[in-house]
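**Q** First the structure, then my questions, so here it is.
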Amino acid sequence: MDQKVVKKQLKSLFKSMDFVSNNFLGKEKGSAKYAQIYFAIYQQLGLAWEFLGLQCKHRDGYKKTADNIEVCKICGIVRETHDSFVLLSRKGAKTLGMKVKPNSKETFAAKKDAQIINDTMNFHGASLNVDVHNAYKSRLFGTGITMAAERIVTVNEDNIECQINQRLVYVRLGDVDKKAGKKKYGGFPWEISRENLKRFPVIFDFDEKHRLLGLTILR
Ligand SMILES: [Zn+2]
């Protein structure tokens, strides 16, 4: 194909991809059904991108992205790669995958059969992991215990880990680990003496009915 035509078609394809991405993806509003459809359209456009990329002779050379990856200035395909890549929009909120939850009441014999997704992304220096699995029998503790079905989202930034699942939000302060003592305790605030509580730089947000709204940990 004529390289001028390839360049032109790629330009208009990127416009279409940005349009779908900016207007329909990554929005909280709208039904899940339509979100699925637009996500499918975006993936189809991505497929067109891959095919057009095959026609590109990469004549304008390569440029480095923020992740220090070399991509063609015309088609945006990564230089000399044999890996398969997931397509993300260039501008605006990036959407990768749909929200999944445990989807079976069954308790599986092995974790690998219960696993729905376990995927990690490094995003501008922060790490994000989504782990969704159905219930399964774990052999970790001798005779085996049943691990509950779960959706766990873990964010890691600056050695601080925040884990969110359906039952709790857990924050682990990694930097403290180095200076920490050997033992680990846990307790509700009312179980801890006022004197010891003063060592914890934690601020609770609450409303006039003393419902917890959030909390801040000072670093
Ligand atoms: Zn190219």
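None of the figures in this text is laboratory data; all of them are computed from the coordinates on show. Computed from a predicted model, the values in this text were never measured in an experiment. Here the Cβ positions follow ideal geometry from the backbone for every residue, glycine too, while neighbour counts run over all protein chains shown.
**Q** Using only the Cα atoms of the stretch 57-194, each taken as one equal point scatterer with no solvent, compute I(q) by the Debye sum, divide by I(0), and report log10 of the ratio at q = 0.09, 0.12, 0.16, 0.22 Å⁻¹.
**A** Debye intensities relative to I(0), on a log10 scale: -0.48, -0.77, -1.07, -1.33.
**Q** Hey, what's the Cα Rg ratio for the stretch 3-72 versus the globular rule of thumb, 2.2 N^0.38 Å?
**A** Numbers: Rg = 14.5 Å, N = 70, 2.2 N^0.38 = 11.1 Å.
With N residues counted in the stretch 3-72, Rg over 2.2 N^0.38 Å equals 1.31.
**Q** Taking the Cβ of Met1 as the centre, find all other residues whose Cβ is under 11 Å away and add up their charges (Lys, Arg: +1; Asp, Glu: -1).
**A** That sum, taken over residues with Cβ under 11 Å, equals +3.
**Q** Longest span of the chain, sites excluded, free of GluC sites (Glu not before Pro) in DSSP loop with at most 13 other C-beta atoms within 10 Å?
**A** Working: sites that count: Glu28, Glu80, Glu106, Glu208.
The reported range is 107-207.
**Q** Please compute the contact order of the stretch 3-72 in relative form: average sequence separation of alpha-carbon pairs under 8 Å and at least six residues apart, divided by the residue count, as a percent.
**A** Details: 37 pairs, mean separation 24.5, N = 70.
That works out to 35 percent.
**Q** Per DSSP helix of 4 or more residues, -39500 (n - 2.57); summed, then divided by the residues of the chain. What does that give at 222 nm, rounded to the nearest 500?
**A** Details: 5 runs with 60 residues, N = 219.
Per the formula, -8500 deg cm²/dmol.
**Q** Using 10 Å bins from zero, what percent of all Cα-Cα pairs in the stretch 1-121 falls into each bin?
**A** 11, 34, 30, 17, 7, 1
**Q** If you average 1/r across every pair of different Cα atoms in the stretch 90-135 and take the reciprocal, what Kirkwood value do you get, in Å?
**A** Details: mean 1/r = 0.0803 Å⁻¹.
Radius from the Kirkwood sum: 12.5 Å.
**Q** Could you tell me what percent of the DSSP beta bridges with both partners in the chain are antiparallel, to the nearest 5? Kindly include the intermediate steps, with their values, before the conclusion.
**A** On the way: 37 of 38 bridges.
If I count the DSSP bridges inside the chain, around 95 percent turn out antiparallel.
**Q** Now a separate question. For Cα pairs less than 8 Å apart in space and 6+ apart in sequence, what is the mean separation divided by the residue count of the chain, i.e. the relative contact order in percent?
**A** Values: 282 pairs, mean separation 22.7, N = 219.
Contact order relative to length: 10 percent.
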